[in-house]
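Engineer: Can you keep this structure in mind? I'll have questions shortly.
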Amino acid sequence: MTVSLAVAHDSLIPQELIDFLPCQTPQRWIDWALDNEELLLIDHAQCEKKAASTAMSLMYRYVDQPDLLTKMSQLAREELLHFEQVVKIMLSRGITYRHISASRYAEGLRKLVRGDEPGRLVDLLIVGALIEARSCERFAQLIPHLDAELAKFYRGLVKSEGRHFEDYITLAKQVSDAPVEPRVEIFRAREAELISTPDDVFRFHSGVPA
């Protein structure tokens, strides 16, 4: 079942993205983020770097997929540029980029990934689509509450990354030997749980505060 989201600044977000996500980011997470701007930016930078790394990993593993190679190459370059931009903003604010532990979010989704091919690749692409879509939705949710510099930056990210989830889903459909919708629904249900349930630590993709 599709749940329509009343997303702040939703005019920036493609309707397809809004329909793709199973739920809206809870207000409690937004409040948590605004109280933890330093962690928000550090983990945002880490997420951009991880997105580039994931794209490169898919390129190395699936060398027989020309469309995937092209899309992931483009995505990796874009994500690394965004990583550089986040780090630059952090430096201007006196925030030191450092390693922090990953959230439960991505690993929680990947636990559902099948081990056989092409099922494994299909599921990894669905996970990528959800991560990209949720990231954009959270950028949009935060924009009305941020200072001018950060709001402008996040607005630009929504515009540039708003269609990435569709690239992932298109690739999943290309490589799948069966309709992908049933698998998408399984992952959407898990994603909604991870987003809406209590979390011990704040991260860009965490749930609500415990």
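Engineer: Are any residues in the range 162-191 more than 18 Å from Ala140 (Cβ to Cβ) and of a type in the set (Gly, Ala, Ser), and if so, which ones?
Structural biologist: Within the range 162-191, Ala172, Ser176, Ala178, Ala189 meet the criteria.
Engineer: Which count do you get for residues in the range 75-119 that are among the hydroxyl-bearing types (Ser, Thr, Tyr) and within 13 Å of Lys49 (Cα to Cα)?
Structural biologist: Final tally of qualifying residues: 1.
Engineer: Now for a separate question. Report, ordered by the first and then the second residue, all pairs with beta carbons closer than 6 Å, sequence separation of six or more or different chains, a first member in the range 167-183 that is in a helix (DSSP H, G or I), and a second member that is among the aromatic types (Phe, Trp, Tyr) and modelled with pLDDT of 95 or more.
Structural biologist: Qualifying pairs under 6 Å: none.
Engineer: Taking only the range 12-35 into account, find how many residues are outside any helix (DSSP H, G or I) and either surrounded by fewer than 17 Cβ atoms within 10 Å (Cβ to Cβ) or touching a Lys or Arg at 6+ places or on another chain (Cβ under 7 Å) (or both).
Structural biologist: Going through the range 12-35 one residue at a time, the tally reaches 7.
Engineer: Can you pull out the residues in the range 176-188 that are over 16 Å from the mean Cα position of the chain (by Cα) and under 18 Å from Ile131 (Cβ atoms)?
Structural biologist: Listed by number, the residues that qualify are Val180, Arg183, Glu185, Ile186.
Engineer: Just one of the numbered conditions (1) of a type in the set (Asp, Glu); (2) surrounded by 21 or more Cβ atoms within 10 Å (Cβ to Cβ); (3) not in a helix (DSSP H, G or I) is not true of Glu132; which one?
Structural biologist: Exception for Glu132: condition (3).
Engineer: Scan Ala178, Ala151 and give me the residue that is of a type in the set (A, V, I, L, M) and under 17 Å from Ala45 (Cα atoms).
Structural biologist: Going through Ala178, Ala151 in turn, just one is of a type in the set (A, V, I, L, M) and under 17 Å from Ala45 (Cα atoms): Ala151.
Engineer: From the residues in the range 115-170 that are aromatic (Phe, Trp, Tyr) and either modelled with pLDDT under 95 or under 14 Å from Arg188 (Cβ atoms) (or both), which one is farthest from the chain's Cα centre (by Cα)?
Structural biologist: Top of the filtered list is Tyr168.
Engineer: In the list Leu69, Leu58, Leu91, Leu109, which residue meets the criterion of being farther than 27 Å from Gly207 by Cβ and either surrounded by 13 or more Cβ atoms within 10 Å (Cβ to Cβ) or at pLDDT below 95 (or both)?
Structural biologist: Leu69
Engineer: List every residue pair whose Cβ atoms lie under 6 Å apart, where the two residues are 6 or more positions apart in sequence or sit on different chains, the first residue falls within the range 132-144 and is at positive phi, and the second residue, located anywhere, is at pLDDT below 95.
Structural biologist: none
Engineer: Go through the range 36-54 and count every residue that is touching a residue at least 40 places away in the same chain (Cβ under 8 Å), buried (at least 19 other Cβ atoms within 10 Å of the Cβ) and not charged (D, E, K, R).
Structural biologist: 9
The values are calculated or read from the model by the stated rules, or taken from the named source; none is laboratory data. The structure presented is a predicted model; accordingly, all values stated were derived computationally and were not measured. Using ideal geometry, Cβ is built from the backbone for each residue, glycine included, and neighbour counts are taken over all protein chains shown.
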